[in-house]
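Enquirer: The structure follows.
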Amino acid sequence: MLLQLVTALAALAGAACSLLAEGSGAGAVSGVLPFTAGGFIYLGTVSVIPEILRNSGPAQALLQLLALLAGVAMMLLIARYE
């Protein structure tokens, strides 16, 4: 329960930082976007992939890994062309 509280406080701190950095220009965005994307990729590789490999067959695991990679590719495309 304490870890949930820490996670919630970190989310609030991140929201406050993003609101404060909103008018700072492209410099703040160029630092925050890679950090956020890296966090999502880290969570995907550390927590999701072992769960996928444990609970599904090889064909299903391959499809799910391809879907994860497609999600990363979409994030790259959105960041590139936004």
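The values are calculated or read from the model by the stated rules, or taken from the named source; none is laboratory data. Every value quoted in this text rests on a predicted model; they were computed, and no experiment measured them. Here the Cβ is made from the backbone with ideal geometry for all residues, glycine too, and neighbour counts use every protein chain on show. Remember, those area values only see protein heavy atoms, side chains included, never the ligands or the DNA or RNA. Shrake-Rupley method; radii C 1.70, N 1.55, O 1.52, S 1.80 Å.
Enquirer: Just checking, how many residues over segment 36-66 are closer than 28 Å to residue 15 by Cα and of a type in the set (A, V, I, L, M)?
Expert: Residues in segment 36-66 being closer than 28 Å to residue 15 by Cα and of a type in the set (A, V, I, L, M): 6 in total.
Enquirer: Tally up the residues in segment 10-23 that are modelled with pLDDT of 80 or more and open to solvent by 100 Å² or more (accessible area, probe 1.4 Å), please.
Expert: 1
Enquirer: Output the residue which, of all residues in segment 47-61 that are surrounded by 12 or more Cβ atoms within 10 Å (Cβ to Cβ) and closer than 28 Å to residue 33 by Cα, is farthest from the chain's Cα centre (by Cα).
Expert: For segment 47-61, the residue satisfying everything is 52.
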